[in-house]
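Data first, discussion second: the structure below is written as structure tokens.
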Amino acid sequence: MTITQRTDGGASTASTTGSASTTGTRASWREARAVAFAAASAVPTEGVPLDAAVGRVLAEPVAALHDIPHYASSAMDGWAVSGAGPWEIVTTDRLRPGQATGIVTGGVIPRGAGAVVRSEAAEAIAGRLTAPIPVTGHHVRPAGEEAQLGENVIAVGTVLNPAHIALAAGAGHDILTVYRAVRVALALTGGEVVAAGLPEPGQVRDSFGPQLPALLGMLGASVTSARRVTDTLADTIAALEQPDVDLVISTGGTGGSDRDHLRDALQRLDATVLVDGIRMRPGGPTLLARLADGRFVLALPGNPLAAMLALISVGGQLLAGLRGTARPALGEVPLGVAVDGVEGVDVMMPYRLENGAAVPNRHRASGMMRGLADAAGVLVVPPAGAEKGDRVAAIALPWMV
């Protein structure tokens with residue numbers, strides 16, 4: 001994916017904070033991203049064994065508990081030699097000038113040895129070894145070559161991958177201190193939603209339940225519970241009160257009809273609204289609030305594309321703050337065609353790459369998933385639009401990274 005990194009450029013940290021019953025001016029897309037990241041504090045830490053640490057975010061630096069490697073070793077199978085040859089072949093852990101002893105890759109360099117001769121470069125006959133005289137230190141991996149005792153080898157905030165785990169093991173660690181997983185509860189609204197089979201007219205298939213846990217996992221969170229919410233105020237309040245989580249994500253219910261109870265529920269729970277709508281399309285009705293006990297509510301629109309784009313582009317910023325990582329940067333990509341903007345909003349367009357340039361996909365209305373399913377990323381088209389060849393902000397898709 002040909003996206004180069006850049007900052008969000010001009011994103012304000014001003015929020016649309018107010019009471020849950022007040023609909024304030026919608027935040028710009030960049031403002032909403034900045035507010036979401038700034039609002040979050042990292043979740044508590046825990047110690048985990050190395051084999052459970054992949055994908056977690058490091059909360060304390062990993063320092064070498066000894067030199068890496070902690071002894072001088074051979075980089076080749078061959079012969080450890082001392083002085084000039086030819087050498088007498090001996091079996092010992094201390095060489096005198098004119099002596100050689102066999103050694104394997106990773107083997108301890110004997111005291112007195114100055115270099116290693118590769119097996120292929122030497123000839124051993126009748127207890128004597130002949131080979132070109134090597135440069136001192138040749139094929140010797142000195143102690144501390146990779147890191148020295150006390151040196152930090154993995155920084156705080158790193159999302160740990162398998163190579164980090166191998167490095168931590170080599171540095172002498174058994175347990176790493178990481179931020180615990182961000183715990184998410186899902187509150188899926190909509191009495192017209194069916195979980196399986198072919199929907200009748202007036203019904204729709206559940207497109208959130210099967211994919212949100214996996215998508216949130218890609219964003220570094222763990223779904224601990226999910227419930228289907230009926231179109232009542234009491235059930236909406238109960239869904240937002242799911243315990244032992246850091247974040248409740250709801251779908252639908254962000255409108256103003258008599259079946260939409262989200263704002264009333266937030267008001268009953270004495271929530272503070274941080275973002276009350278975003279100047280983006282699709283995804284404009286997205287709402288972010290903080291409950292009185294510190295938990296967050298991210299209310300996504302009911303249409304699947306709108307919800308996914310809001311979750312990836314704005315919810316991803318909140319999750320990064322909760323996880324303890326650096327703020328994710330935007331990318332940018334050159335346009336292969338001119339695209340029209342929409343006055344007052346940033347337009348999210350799933351795109352494909354043609355000859356290294358971005359071309360918007362079809363099927364990108366708020367209820368459609370086909371355009372995103374085949375996308376290389378998502379364009380963020382400014383209100384004024386953009387011309388062919390312009391470089392436009394772009395969001396990387398979690399499953400393409």
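Within the stretch 139-158, can one find any residue that is among the polar types (S, T, N, Q) and surrounded by fewer than 16 Cβ atoms within 10 Å (Cβ to Cβ)?
yes
Please determine whether any residue of the stretch 349-359 is touching a Ser or Thr at 6+ places or on another chain (Cβ under 9 Å), surrounded by 22 or more Cβ atoms within 10 Å (Cβ to Cβ) and touching a residue at least 24 places away in the same chain (Cβ under 8 Å).
Yes, the stretch 349-359 contains at least one residue that is touching a Ser or Thr at 6+ places or on another chain (Cβ under 9 Å), surrounded by 22 or more Cβ atoms within 10 Å (Cβ to Cβ) and touching a residue at least 24 places away in the same chain (Cβ under 8 Å).
So Gly255 fits all but one of (1) exposed (fewer than 15 other Cβ atoms within 10 Å of the Cβ); (2) in a strand (DSSP E or B); what number is the exception?
(2)
One residue is enough: does the stretch 325-342 have a residue meeting the conditions of a type in the set (A, V, I, L, M), at pLDDT below 95 and outside any strand (DSSP E or B)?
So far as the stretch 325-342 goes, yes, one or more of its residues are of a type in the set (A, V, I, L, M), at pLDDT below 95 and outside any strand (DSSP E or B).
Within the stretch 268-279, track down each residue that is closer than 12 Å to Thr236 by Cα and either buried (at least 23 other Cβ atoms within 10 Å of the Cβ) or of a type outside the set (D, E, K, R) (or both).
Result: Leu269, single match.
For the stretch 251-259, indicate whether the set of residues that are touching a strand residue (DSSP E or B) at 6+ places or on another chain (Cβ under 6 Å), closer than 16 Å to Arg290 by Cα and at pLDDT below 90 is non-empty.
Among the residues of the stretch 251-259, at least one is touching a strand residue (DSSP E or B) at 6+ places or on another chain (Cβ under 6 Å), closer than 16 Å to Arg290 by Cα and at pLDDT below 90, which makes the answer yes.
Taking Glu60 as meeting all but one of (1) surrounded by fewer than 20 Cβ atoms within 10 Å (Cβ to Cβ); (2) part of a loop (DSSP other than H, G, I, E, B); (3) not polar (S, T, N, Q); (4) not assigned by TED's automatic domain parsing to the domain that holds Ala166, write down the number of the exception.
Only one criterion is unmet by Glu60, namely (4).
Would you say Pro97 is in the same structural domain as Pro134 (by TED's automatic domain parsing) and farther than 30 Å from Leu149 by Cβ?
So Pro97 fits the description; yes.
Which of the residues that make up the stretch 69-112 are buried (at least 16 other Cβ atoms within 10 Å of the Cβ), in a loop (DSSP other than H, G, I, E, B) and not aliphatic (A, V, I, L, M)?
Result: Pro69, Asp77, Ser82, Gly83, Gly85, Pro86, Gly107, Pro110, Gly112.
The values are calculated or read from the model by the stated rules, or taken from the named source; none is laboratory data. These numbers were taken from a predicted model, which means no experiment stands behind them. Virtual Cβ from ideal backbone geometry, glycine too; neighbours counted across all protein chains shown.
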